[in-house]
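K.L.:
Below you'll find the structure I mean.
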Amino acid sequence: MNIRSPIGQTVFLLFLSCIIGFSSNLFTSNSIPWIAPELTLVEAIDTTTDEAVLVAISLEQAKTFFDDGVLFVDARDEGYYESGHIQGAMRKSFLPKLIFNIEDRQGKDVPLVVYCGDPGCGDSEQLAYDLKDSGFTKLYVFKGGWVEWSGAAYPSQVD
Amino acid sequence: MRRYFKGPVVLVARLILGGVFIYASLGKISDPAAFATAVGNYHVLPFGLENLMAMVLPWLELIAGVCLIVGIMVDGATIMIIIMNIIFVIAITQALARGISIECGCFSVAPESGDNIGLQTILRDFGYLVLAFIVFYRQEKQLEFFPKSV
């Protein structure tokens with residue numbers, strides 16, 4: 001690496017920033033974890049709390065919500081949604097339109113379940129954070145998603 | 001056009017860019033958790049990686065800013081600033097296109113700082129890009145101490 005060349009300098013500055021950034025995080029009092037923690041599954045769901053909720057839920061908990069008539073939002077792309085989704089789930093759309101569609105049915109403080117394809121997909125979590133930023137306060141991410149739901153042969157539909 | 005990129009024009013551009021980036025870095029360095037949240041709000045990085053970004057980016061801003069003002073590795077620092085600004089513009093644009101309304105996290109990382117993303121933040125970043133290109137395409141090197149010549 002030639003530190004006299006512009007590219008060499010750029011690489012050097014990037015390297016230096018990484019070294020200082022990582023090591024200062026080790027010694028500072030307000031350090032953060034290297035990798036931000038993912039949402040963790042909750043043992044029990046308290047729907048009576050007034051506090052904002054954004055947690056992950058299991059298949060059984062999702063089924064309970066489904067039986068209670070809670071709104072599900074499918075965070076997958078259109079094609080996946082149309083080839084099969086949780087019965088009654090709302091399709092994802094441009095965020096303001098989705099928010100409009102949800103608010104047409106319920107308030108921002110009413111529980112809402114978001115799901116995507118499988119535990120590895122991040123779309124449900126991402127959409128949940130988008131909705132949180134937009135003022136929704138009772139958000140549950142069903143991490144098992146369509147794979148677990150359809151595997152359990154729970155009610156679904158094709159559009 | 002490039003023949004004007006010399007003398008005080010370049011020095012002023014270096015001072016403004018350096019000052020802005022040093023100022024922008026300080027709040028982020030003092031509160032990495034809040035900055036990680038601000039980065040996460042853009043939803044451009046895969047989950048978990050916003051923390052790594054929050055550790056490195058503020059130091060990159062600080063070091064690039066100091067280099068520009070002091071006159072060390074000006075070319076490298078300018079390239080770094082150009083790359084950062086392009087990334088900022090892309091991140092803000094995609095957030096706006098998806099309809100996400102979030103705080104910029106550009107200068108203040110405190111929640112409710114009031115610096116929301118919008119056309120003005122994109123234009124501001126384009127302004128910094130113009131300054132950075134003036135420095136990068138400068139015709140003479142004044143008050144630069146390393147490297148003396150490339």
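K.L.:
Going through A:Ser23, A:Ser29, A:Ser17 one at a time, which residue ends up being within 12 Å of chain B (Cβ to nearest Cβ), assigned to a helix (DSSP H, G or I), exposed (fewer than 14 other Cβ atoms within 10 Å of the Cβ) and without any contact (Cβ under 8 Å) to a residue 40 or more places away in the chain?
P.N.:
The conditions single out A:Ser23.
K.L.:
Scan segment B:8-52 for residues that are within 10 Å of another protein chain (Cβ to nearest Cβ), under 23 Å from B:Ile79 (Cα atoms) and touching a Gly at 6+ places or on another chain (Cβ under 6 Å) and jot them down.
P.N.:
Matches in segment B:8-52: B:Glu50 only.
K.L.:
Also, quick follow-up: Say we look at segment B:57-76 and pick out the residues that are under 13 Å from B:Tyr128 (Cβ atoms) and at the interface with chain A (Cβ under 9 Å from one of its Cβ atoms); which of these is nearest to the chain's Cα centre (by Cα)?
P.N.:
Across segment B:57-76, the extreme among qualifying residues is B:Glu61.
K.L.:
Restricting to segment A:81-107, and then to whatever is surrounded by 19 or more Cβ atoms within 10 Å (Cβ to Cβ) and not aliphatic (A, V, I, L, M), can you tell me which residue is nearest to A:Gln157 (Cα to Cα)?
P.N.:
The selected residue is A:His85.
K.L.:
Now for a separate question. Of everything in segment A:116-147 that's out of contact with any Phe, Trp or Tyr (no Cβ under 8 Å at 6 or more places or on another chain) and away from chain B (no Cβ under 14 Å), which residue is surrounded by the most Cβ atoms within 10 Å (Cβ to Cβ)?
P.N.:
Per the criteria, the residue is A:Leu139.
K.L.:
When the residues of segment A:53-88 are filtered to those that are closer than 15 Å to A:Val114 by Cβ and part of a loop (DSSP other than H, G, I, E, B), which remaining residue is nearest to the chain's Cα centre (by Cα)?
P.N.:
Taking the candidates together, the pick is A:Ala75.
K.L.:
Next question, about the same structure. Report the residue count in segment B:105-117 for those that are at negative phi and free of Cβ contacts under 8 Å to residues at least 24 places away in the same chain.
P.N.:
Final tally of qualifying residues: 3.
K.L.:
Considering each of B:Ile100, B:Ile81, B:Ile92, B:Ile63 in turn, give the residue that is assigned to a helix (DSSP H, G or I) and either surrounded by fewer than 20 Cβ atoms within 10 Å (Cβ to Cβ) or modelled with pLDDT under 95 (or both).
P.N.:
Unique residue meeting the criteria: B:Ile92.
K.L.:
Tell me, please, whether a residue that is within 11 Å of chain B (Cβ to nearest Cβ) and either free of Cβ contacts under 8 Å to residues at least 60 places away in the same chain or over 20 Å from A:Phe142 (Cα atoms) (or both) can be found in segment A:37-55.
P.N.:
Looking through segment A:37-55, at least one residue is within 11 Å of chain B (Cβ to nearest Cβ) and either free of Cβ contacts under 8 Å to residues at least 60 places away in the same chain or over 20 Å from A:Phe142 (Cα atoms) (or both).
The values are calculated or read from the model by the stated rules, or taken from the named source; none is laboratory data. All of these numbers come straight from a predicted model, not from anything done at the bench. When we count neighbours, we look across all protein chains shown, and the Cβ atoms used for this are built from the backbone with ideal geometry, even at glycine.
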